[in-house]
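**Student:** Below you will find the structure I want to go over with you.
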There are 2 protein chains.
Amino acid sequence: MNKLLRVSVAGILSCCISMAVHARGDSSTEDAIEYRQAVMEVIAWNFGRMGAILKSKALFDAEEFAKRAAHTAFITQLAREGFVPGSDKGETDAKPQIWTEWDDFKEKMTALQENAAKLAEVAKTATARENVAPQFKKTGKTCKGCHKKYKKK
Amino acid sequence: MNKLLRVSVAGILSCCISMAVHARGDSSTEDAIEYRQAVMEVIAWNFGRMGAILKSKALFDAEEFAKRAAHTAFITQLAREGFVPGSDKGETDAKPQIWTEWDDFKEKMTALQENAAKLAEVAKTATARENVAPQFKKTGKTCKGCHKKYKKK
């Protein structure tokens, strides 16, 4: 890449204020903690809205549910990279067991991803709560199962 | 939905601790602020890593860049819904002008989404930094343009 372009890219990075923290391209554990908490927050936002649709007595909003399920399926794929080694220290509820039992943790994370993907698939053609509720429940259980073992509170 | 399933869904929601906050299905402004900040964090994580690839003198990692670009393109679509009316109050850097100049804000957000989508598209077949750097820069400018006008710091 020519020098002008390189300087220009550096300029864009340093100017985008909220992005500057990450522009170092390192994988500092603080960044990783913030990142994974953000991913979980986005999952929770979408998951919670699906739950609200299921609990509601209003007409089933299939389109909205499918959108939330698709978002959740995508975002669950992004979580794992935030669990970098050493990031059990700091402002986090992640238990150190995540890293000492990594294969099990990875398996649980994969179960979440697979179940969320299946939920998104089922939701595409759903016309009633009954069509999605069982898979929603399964997906929720994968959250619960992982949190129970690997989350401090 | 039968009662058993409804109760079961409610159980899943109340058990998934980090999701419980959102399970009310309301759109409280605090939730919205946390959500949009989380979305921005995930964008920043991915955008920053693309920047690091562009600034690096190592061999261009086309696959990694394309992955980051795809993540960014998806996540930028999720930001807008976090800017609910009334959420200029609270722990936020969002300026009230977002809501008084909503059409302009929406236009800027759309520009980000469109540029991020184009970047993801370009990145799919990129083999060198030169292929993606100009569109990366354009995308970065859409962040900067919006932050300059609508972000407190």
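The values are calculated or read from the model by the stated rules, or taken from the named source; none is laboratory data. These figures come from a predicted structure and were not determined experimentally. Note that we place each Cβ from the backbone using ideal geometry, even for glycine, and neighbour counts take in every protein chain shown. All accessible areas refer to the heavy atoms of the entire protein, side chains included, with ligands and DNA or RNA removed. Shrake-Rupley method; radii C 1.70, N 1.55, O 1.52, S 1.80 Å.
**Student:** When each copy gets a label point 7 Å from Cα toward the beta-carbon at B:E63, what are the spacings between them in nm, shortest first?
**Tutor:** Going from nearest to farthest copy, the values are 3.9 nm.
**Student:** Additional query: With just the Cα atoms defining each centre, how far is segment B:101-127 from segment B:60-80? Give it in Å.
**Tutor:** Distance between centres, Cα-based: 11 Å.
**Student:** In what sequence, largest accessible area first, do A:K148, B:K138 appear using a 1.4 Å probe?
**Tutor:** A:K148, B:K138
**Student:** Copy-to-copy spacing for B:D104, label 7 Å out on the Cα-to-C-beta vector, in nm, shortest first?
**Tutor:** 5.6
**Student:** Can you list, shortest first and in nm, the gaps between the label point of B:R80 and those of its counterparts in the other copies, using a point 7 Å from Cα in the C-beta direction?
**Tutor:** Label point to label point, same position, other copies: 3.3 nm.
**Student:** Give, ordered by residue number, each residue of segment B:59-98 whose 1.4 Å probe accessible area is reduced by a minimum of 10 Å² on adding the remaining protein chains to the chain alone.
**Tutor:** Listed in order, they are B:R68, B:H71, B:F74, B:I75, B:L78, B:E81.
**Student:** Considering every residue in B:49-56, what mean count of other chain Cβ atoms within 10 Å of its Cβ is obtained? Intermediate results must be reported in sequence, preceding the final value.
**Tutor:** On the way: counts 5, 4, 12, 7, 2, 9, 9, 2.
The per-residue average across the peptide is 6.
**Student:** Taking the Cβ-Cβ separation of B:R80 and A:K149 as r and a Förster radius of 51 Å, what is the calculated FRET efficiency to the nearest 0.05? The partial results should precede the final answer.
**Tutor:** Details: r = 36 Å, r/R0 = 0.70.
Efficiency, rounded to the nearest 0.05: 0.90.
**Student:** Can you list the residues, at least 5 places off or on another chain, whose amide H is less than 5 Å from the amide H of B:A94, using H built in the peptide plane?
**Tutor:** Answer set, sorted by chain and number: B:K152.
**Student:** Right, next: Relative contact order, percent, of segment A:76-153 when contacts are C-alpha pairs under 8 Å separated by at least 6 residues?
**Tutor:** Over segment A:76-153, the number comes to 39 percent.
**Student:** Rounded to the nearest 100 Å², what's the accessible area chains B and A bury against each other, both chains counted, probe 1.4 Å? Mind dumping the intermediate values first?
**Tutor:** Working: alone 9960 and 9980 Å², together 14670 Å².
Approximately 5300 Å², summed over both chains.
**Student:** Let me ask something else. Between B:D104 and A:D93, what is the label-to-label distance in nm when each label sits 7 Å out along the Cα-to-Cβ direction?
**Tutor:** If labels sit at B:D104 and A:D93, their model points lie 4.0 nm apart.
**Student:** At q = 0.14, 0.23 Å⁻¹, work out log10 I(q)/I(0) for segment B:88-153 with the Debye formula, treating every Cα as an identical point scatterer and leaving solvent out; two decimals please.
**Tutor:** With one equal scatterer per Cα and no solvent, log10 I(q)/I(0) is -0.49, -0.90.
**Student:** Can you name the chain A residue with its Cβ nearest the rotation axis from A to B, and give the distance in Å as a whole number?
**Tutor:** Looking at chain A's Cβ atoms against the axis toward B, the nearest is A:A38, 2.
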